[in-house]
Structure formats: structure tokens, C-alpha cells
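To keep things clear, I will list the structure first and then write my remarks on it.
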Amino acid sequence: MSANLSDTSLRKRNQNESNPRESDSVSKIHNIMQLTDPCHEIKESLLSKSNNEINSRGFLNLALVLLVLSNLRVALNNVITFGILIDPGKWTAILMQNPLYRPTFLLLIALNIFITIALYIEKIVAKKRISEKRANHLIVANIGVILISPIIVNILFECNLLLSSFVCGIYSVVILKLISYHSVNGWCRTAIRYGKPIATFREVKQEYLKIIDTKNLVHYPNNLSVCDIYYFLYAPTLCYQINFPQTPRIRIRFVLTRLIESAVLLQIIVGLIQQWIIPGVMNSLEPFQDMEYSKIISRLLLLAVPNHIIWLIFFYTFFHSFMNLMAEILRFGDRDFYHDWWNSESVDQFWQKWNIPVHKWCVRHVYKPLVYRGYSRFHASCAVFIISAFFHEYIVSIPLKMLEIWSFAGMLGQIPFAIFVSTCLRSNAANVAIWLHLIIGQPLAILMYYHDYYVMHFAK
């Protein structure tokens, strides 16, 4: 059988070798048949709207290259014009300028007095030494004093501008935390009064749980302690709960990584401000004095890009590096500090995603209580924006000793802008509008304060 197969294959090979012209003609016919196949069909152009097969990765890479080259050119022009201005020692000298730093440090020390008062109020109302109504009056008075203390100190004393801004930010955070602290304890007292137990510990992912028996959970009023309130004040959250989810241990390598990131990125931010922002602001004084609108717009747009780059670096530094650092040191389990705000297609989505601790506080202590009281969702959202606008104004205006309401107006301007984006724009166009509002909106309102500050103090 195998001999027959070998004879057959040998015979075919001999036939092919003996007829080369025949094999060539067959190959040519085959090629001609391929060439005569139809080469046209009904198909849209690649860039047509109806074509869903387009891949824009190359254009995105091109946009990235053009962005890097254009900003590199601006950066080189800045260095050529002003030289190297980065000097970390100068910032240290400004921060420790004597005696301007003393009032702000005293404000930080005084903050512990207000925290102690808040804890004392909760303890005496838990023991029913005072009524709930009187406790609420004391709480409002204590928070009111916290709110006005930086204002009084900045009016009466010459304070360091940078440290004063930092202290106003700390006071704002403490005010929001204490509101949440008093609210949750008040809810616990209300639940006990009506005989309905309140949930003190919600289920979370297993990796965030401290290995602990439910019998060891803290219940009200056993949570009213110095350790508990200070743990909450240092924790990277604004919303209080009696039992926080905790991780099993502190990861030293993670702590060191986040610490190095925070230190390095902070130095980069300081360097960019020295090299890019300050010269740009100083160079904008003359157009602002002469009210040359074309030059004003040119200067503001020139400052918008570096300001936005610094804002992005600050976002990563604070919301990722620093807050994860504090969470790891405190073994705080909830690391949900931000969502994908860069993909937001509405103003509401952006504010809900970019700062989760503030969003949770606003929903828990402003939005939902107002809705439960019968207010519409729109009015509740407006109240959230007004409170946010107030604290933006508080942090900026008090250190500068100026009331220009740029920040307040910028935040309130989010309401009509949000309506416009949600009704007139969709998908990518809405996302582009969000990015434009980030680049030339709120950051420029902050820069306006510093323009006005320099014009007011150094115009002559």
C-alpha cells in the first residue's frame, strides 16, 4: 500500500516537472481571478458620524505631544525671561517671619479649648445635667466662636498670610467635623429616648474590618472620650460614626511611600508657584491698573494653565498621598476619598466625585435633612452650594483681609452653569465644558484675589 502511494506522488511530481508551462498558466489564471474580485462596497468614510469603527488613540497621543511641547515652550520662555526663581529657603523664612507667625500658632493651640468644650457639652447632656435645647444653644455658641476667632485675630494682628490661610482651612474642617460629631451623638440620644436602637457599625469589605468581636463595639455614650474625639479629628473624614472600620495593621512601606510622595510633590508645587505663578501675577499688575481688557484676558489665560497644573498636582498630593498617609497611620479603613471626576459629564457629577469626604458630609448633614423637612431637591442643592461658597470665601478672604466675594460668586455661578450643562450638552461636550470650567473658572477667581491684593498693597 505504501509503495503504491509513493509511486503515485512520484508520478505527479514528474508530471509537474514535465509540464512547467501548464503550472504557470494555472497560477496566472488564479491571480487574474483574484484581481477581478469586487473591490468596492457600500461603506461610510472613517470620520463619518455613522462609523463606529474609528480609533482615536493616535489623535490623543498627538494632543498629548502638542500639549507637552506648548507648555514646554511656555516654561522655557518663563526661565529665559525671569531666570531660576525656585528657592525653598525663601518659603521657610516667610513662614517663620517673626512675629507674624505667633497669632496663627496661638489659634491652633486655642482650637484644643473649643474641642474640649464640645466634648464636655456632650458628656453633660448625656448625663442629663442640661436639657437638649440648652445643649444645642451651647453647641451653636461654641461653633460660632470657632468661626469668628480667625476673623478677630486677623483683624487685630498682622498675621502671616500663608499660615493664616492654613489655619482658616483647619478651622473650617474642625467646624464641619464638630457639626457631624454633635449631630450623630444627638441622633443616638433621640434613638435611645424613643427606645429604638441606632446602627453603630455598618458592614464593610472584609479587608477593611478590624478582627474584632461585635461585643467589643463601642456604644453611646461610651464613645464620649478624649481619644475618640481626637481620633475623629485626625481621621481623613468629615462624617462621624461611633465605630470606624479599621485595618488590621500599619504597613510601614506604604506609609513611607505616601510620605515621600507628599514631601516631593509639595516641593514641586512650591517651586511651580515661585517660578510660574508669582512672576505671572506681578506681570499682570499694570494691565489691571490700566483696565486693558485684552491684556487682562491674555494674562489670565497665561496663568490658567500653570494654575491648573498646580491644582492637579495638589489634588493628587492631598487626596491620594496625604489622606492615605493619615488613614494608614490611624488604620482608618475607608479610603474612598475621590472617584473618577475627570470623566464627569455634569457639574453635579463633578462635585459628587472629586471630594468624597465633603460630599458625604453635605449629603448627610445638609441635603438629606432639608429634603426630609419638605424642601425640594433643588433648594437643598442650592443650600449645599451656598455653604460651600461661604467656606471658600472664608478661607481666602480672611487671610487677605479683603471682601471681594470672587470665590463666593464663582461657587454660586455653578448653579446656572450646572443647569446649562445638564440641559444643553451631552457626553463628550459636557465633559469638555467641565474641564473648561476647571481651567478658567474657580482657579481664576482665586487668582483675582491675589491680583487685587498686589494692586492694593504694591501698586505704587
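Quick note: the coordinates plus some simple rules give every number you see, no bench work behind them. The model shown is predicted, which means the values in this text are computed figures rather than measured ones. Heads up, the Cβs are rebuilt from the backbone with ideal geometry, glycines too, and the neighbour counts pull from every protein chain shown.
Simple spin-label estimate for I152 and I260 gives 4.7 nm between the two label positions (7 Å along the Cα-to-Cβ direction from each Cα). This ranking places K128, K401 by how few other beta-carbon atoms lie within 10 Å of each, fewest first, which gives K128, K401.
The label point for Y316 and the one for L412, both projected 7 Å from the Cα toward the Cβ, are 3.7 nm apart. Taking amide hydrogens as placed 1.01 Å from N in the peptide plane, the amide H of F332 sits under 5 Å from those of T247, each at least 5 positions away in sequence or on another chain.
Kirkwood's formula applied to the C-alpha pairs of the range 272-398 gives a hydrodynamic radius of 17.7 angstrom. Annotation: peptides 161-171, 376-386, 327-337, 78-88, ranked by per-residue average of other Cβ atoms within 10 Å with the highest first, follow the order 161-171, 327-337, 376-386, 78-88. Here the Karplus curve 6.51 cos²θ - 1.76 cosθ + 1.60, taken at θ = phi - 60°, turns the phi angles of the range 311-321 into couplings of 4, 5, 5, 4, 4, 5, 4, 7, 7, 10, 5 Hz, with x standing for Gly and Pro.
Residue by residue, the range 238-255 carries 3J(HN,Hα) couplings of 9, 9, 7, 8, 5, 10, 8, x, 10, 7, x, 8, 9, 8, 4, 5, 5, 4 Hz when phi is fed to the Karplus relation 6.51 cos²θ - 1.76 cosθ + 1.60 (θ = phi - 60°); x denotes Gly or Pro. With neighbours defined as other Cβ atoms within 10 Å of a residue's Cβ, the residues L303, L266, L217 order from fewest to most as L217, L266, L303. Listed by Cβ neighbour count within 10 Å, with the fewest neighbours leading, C227, C159, C239 appear as C227, C239, C159.
Label-to-label distance for H379 and L108 is 4.3 nm, based on points extended 7 Å past Cα in the beta-carbon direction.
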